[in-house]
Amino acid sequence: MRIPILKLGNYLLISIQMELDDKTAIQFQEDLLQRIHETGATGVVVDLTSVDIIDSFIAKVLGEVVSMSDLMGAKVVLTGIQPAVAITLIDLGIHLQNVQTALDLEQGLMKLHQELGE
Amino acid sequence: MEPHSFIGIKKEWDIVGARQLGREIARKLGFGTVDQARIATAISEIARNIYLYAEDGKVTFETIEGMNHKGLRIIASDNGPGIDNISQVMEDGYTTSGGLGAGLPGVKRLMDEFDIQSEVGKGTIVTAVKWLR
Ligand SMILES: Nc1ncnc2c1ncn2[C@@H]1O[C@H](COP(=O)(O)OP(=O)(O)O)[C@@H](O)[C@H]1O
Ligand SMILES: [Mg+2]
């Protein structure tokens, strides 16, 4: 299964609506980097509103998505992290440093607009 | 719901199956969303460890009912290579697979009780309990 990636101007939007097994997560990582390369996107919003679990593997993949995208010139904002997920991440000792977050998709887009001035 | 149920861990997708089943059992027992997420995350970590390091094993769920105590016990057991130095694998960041090394110490923090027994060449048993409050 693949996670759909939508293009909106210079940005890419992803709303994760399926269970994130390891394969889906890795496939998403590859697909997103490929799309950034193809489109020259400068910003990415990954919406996690429907994600009810982030374990250490998914956290690692998401952290890598952020730093790899950064290397390719695209800023990533993670949005909609559920309270329960934020709590379990802290229990796991995972702090996702240097990762930009926002409350929802709309705020995530605003954050990109502010930072990138586009 | 049966007091004992288990799920075999052989394929990567079994990790998802185990955490979904565990969350469902936790929800039926009356755990709130945050504890459901803690339990599902803990199961995901120990099930992935079976898949990655032992290849084959199982996760068992037991509901515990005492006088004024109700809880969920999760047991992950495998016949894999075992762990030579338990205190080392319980350190945050220790990994032999390029992971985050957050799994076992994380499970200990996510759950109320935690125990790990392992014998090199024999296998590993991780037991964790969450109490309903
Ligand atoms: N069931 C197991 N059988 C054998 N070794 C294990 C098992 N579970 C964990 N380990 C060992 O403990 C280490 C730490 O595990 P963990 O805390 O989950 O972090 P990670 O999986 O990210 O490496 C693993 O890298 C592995 O060497
Ligand atoms: Mg692990």
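Reported count of residues in segment B:86-107, each being farther than 14 Å from B:A42 by Cα, near ligand 1 (Cβ under 6 Å from one of its atoms) and part of a loop (DSSP other than H, G, I, E, B), is 6. What's the total number of residues in segment B:19-56 that are more than 9 Å from chain A (Cβ to nearest Cβ), out of contact with any Lys or Arg (no Cβ under 9 Å at 6 or more places or on another chain) and surrounded by 16 or more Cβ atoms within 10 Å (Cβ to Cβ)? Number satisfying all stated conditions: 8. When segment A:77-115 is filtered for residues that are surrounded by 14 or more Cβ atoms within 10 Å (Cβ to Cβ), within 14 Å of chain B (Cβ to nearest Cβ) and of a type outside the set (A, V, I, L, M, F, W, C), the ones remaining, listed by number, are A:Q82, A:T88, A:D91, A:G93. Say whether the condition of being touching a residue at least 40 places away in the same chain (Cβ under 8 Å), assigned to a helix (DSSP H, G or I) and open to solvent by less than 50 Å² (accessible area, probe 1.4 Å) is met by at least one residue in segment B:57-76. No, segment B:57-76 has no match at all.
The residue that is surrounded by the most Cβ atoms within 10 Å (Cβ to Cβ), counting only those in segment A:16-36 that are more than 14 Å from A:A74 (Cα to Cα) and in contact with a helix residue (DSSP H, G or I) (Cβ under 7 Å, 6 or more places away or on another chain), is A:L20. Search segment B:108-124 for residues being more than 15 Å from B:A42 (Cβ to Cβ) and surrounded by fewer than 17 Cβ atoms within 10 Å (Cβ to Cβ), and hand back the single one that is nearest to the other protein chains (Cβ to nearest Cβ). In this case the residue turns out to be B:Q117.
Somewhere in segment B:77-89, is a residue crowded, with 21+ Cβ neighbours inside 10 Å, within 29 Å of B:R133 (Cβ to Cβ) and within 16 Å of ligand 2 (Cβ to nearest atom)? Taking every residue of segment B:77-89 in turn, none turns out to be crowded, with 21+ Cβ neighbours inside 10 Å, within 29 Å of B:R133 (Cβ to Cβ) and within 16 Å of ligand 2 (Cβ to nearest atom).
The values are calculated or read from the model by the stated rules, or taken from the named source; none is laboratory data. Owing to the predicted nature of the structure, the values given are computational and were not obtained by experimental measurement. When we count neighbours, we look across all protein chains shown, and the Cβ atoms used for this are built from the backbone with ideal geometry, even at glycine. Surface areas here come from the heavy atoms of the whole protein model, side chains and all, with no ligands, DNA or RNA. Shrake-Rupley method; radii C 1.70, N 1.55, O 1.52, S 1.80 Å.
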